[in-house]
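Have a look at the structure below, then the notes.
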Amino acid sequence: MPSPILEVRDLCVDYVTNSGDVRAVDHVDLTVEAGEFLAIVGESGCGKSTLLFAIAQLLSPPAEISGGSVIFKGNDMVQLSPSELRHMRWRDYSVVMQSAMNALNPMKSIEAQFKDAMAAHGNMSAEAMRNRSAEVLKLVGVDAVHLRSYPHQLSGGMRQRAMIAMALLFTPDLVIMDEPTSALDVVAQRSLMIQIKELQDRLGFAVIFVTHDMSLVSHYSARLAVMYGGQIAEAARTASLFEKPLHPYSVGLLDAFPSIHGPRRVLTGIPGSPPDLARPPAGCRFQPRCPQAMPECAVRQPGLYSVGDSMVRCLLYEAAQPGRPE
Ligand code: SF4
């Protein structure tokens, strides 16, 4: 069995505020195998982007890692110095942000930005940099003529593709993506997802893909981690989660998005909103919104229980744990 390329262990991230620390990521464990596509899903405010930024070591104050480790290719990234991290970023792992318009420099051509990234990580000749820039842009389906374009001269879809091309300059082992398709229309979204998956299959990098839209990743991710209130609510193989979601929150999320397959059905949202992490509920964090809540859910916090190959944080599954009386 190959060892995972990334192991997140017991990771906690706090936002340090004058009125007290707010825990946005609460004791999260995750693993990613080489070449695997893992999606992290959940509503806004559930901690998924904070988790992703913590993995990429891109948090800035007031957010800080208050515990745990992020082991990537044998190094604990939490313990690395800024210069050690700079050395690994782009080369070993790269990050694709939600909005390329904000992530790309509006004052520089795409080629100049690619060149900056390559110059920071080696001593390639000007010609080698030009060739590599054209190569990665073609990989994402954009004509190399656009190397001379500035970000505002490209469509939203082309900008996101340029960001992905930049992330692939050194063919890293891991590409971390934060809702990279959220600003695109559904047609451009689908085409970009197909492209990402094709590139992943061809080049063999692992992907962590954060999205609030579960249906978007249903065909592309091997595993899903559903986050709620800063914690993993359910982690499972994508196919099994879509077929038989265990956590009531996963059920609610699935019912909130249209399915491409199967009969038409009425979409139902999840009433209420995610918890205020400054004052999380005493028991289960999903209890105020849960249609299956029991009296004990208001006072007892569920653990993360194994059910087959899946993990689920819900008291409904506690009784089935080995060693527990029926
Ligand atoms: Fe719902 Fe209770 Fe399970 Fe929480 S522990 S998800 S409130 S049934």
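The values are calculated or read from the model by the stated rules, or taken from the named source; none is laboratory data. Please read these numbers as outputs of a predicted model, since none were measured by experiment. Cβ: placed from backbone, ideal geometry, glycine included. Neighbour counts: every protein chain shown.
Just to be sure before I move on: is Gly283 away from the ligand (no atom under 15 Å from the Cβ), among the small types (Gly, Ala, Ser), part of a loop (DSSP other than H, G, I, E, B) and farther than 23 Å from Val96 by Cα in the structure I sent?
Spelling it out, it is not the case that Gly283 is away from the ligand (no atom under 15 Å from the Cβ), among the small types (Gly, Ala, Ser), part of a loop (DSSP other than H, G, I, E, B) and farther than 23 Å from Val96 by Cα.
Take the conditions (1) at pLDDT below 95; (2) closer than 17 Å to Gly42 by Cβ; Pro245 misses just one of them, which is (1). For Gly122, the stated conditions hold: it is at positive phi, surrounded by fewer than 17 Cβ atoms within 10 Å (Cβ to Cβ) and not hydrophobic (A, V, I, L, M, F, W, C). The numbered conditions (1) assigned to a loop (DSSP other than H, G, I, E, B); (2) under 17 Å from Arg161 (Cα atoms) are all true for Gln200 except (1).
Condition check for Phe53 on (1) farther than 17 Å from Arg89 by Cα; (2) in a helix (DSSP H, G or I): one failure, at (1). Scanning segment 135-156 for residues that are of a type in the set (A, V, I, L, M, F, W, C), in a helix (DSSP H, G or I) and more than 25 Å from the chain's Cα centre (by Cα) returns Ala144, Val145, Leu147. For Val70, the conditions (1) at pLDDT below 95; (2) assigned to a strand (DSSP E or B) all hold with the exception of (1).
Scanning segment 286-319 for residues that are of a type in the set (A, V, I, L, M), within 12 Å of the ligand (Cβ to nearest atom) and outside any loop (DSSP other than H, G, I, E, B), which turns out surrounded by the most Cβ atoms within 10 Å (Cβ to Cβ)? Here the answer is Val312.
Quick grid of which residues meet (1) in a helix (DSSP H, G or I); (2) modelled with pLDDT under 95; (3) under 24 Å from Asp29 (Cα atoms):
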residue: Val187; (1), (2), (3): yes, yes, no
residue: Phe209; (1), (2), (3): no, no, yes
residue: Ile232; (1), (2), (3): no, no, yes
residue: Ser250; (1), (2), (3): yes, no, yes
residue: Leu253; (1), (2), (3): yes, yes, yes
residue: Ile260; (1), (2), (3): no, yes, no
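For segment 272-286, the candidate set comprises residues that are closer than 18 Å to Ala256 by Cα and not small (Gly, Ala, Ser); within that set, the residue that is modelled with the highest pLDDT is Phe286. When Leu203, Leu246, Leu254 are checked against the criterion of being without any contact (Cβ under 8 Å) to a residue 40 or more places away in the chain and among the aliphatic types (A, V, I, L, M), Leu203 stands alone in meeting it. Condition test on Ser221, is it closer than 30 Å to Met193 by Cα, at pLDDT below 95, more than 16 Å from the ligand (Cβ to nearest atom) and within 22 Å of the chain's Cα centre (by Cα)? The answer is no for Ser221.
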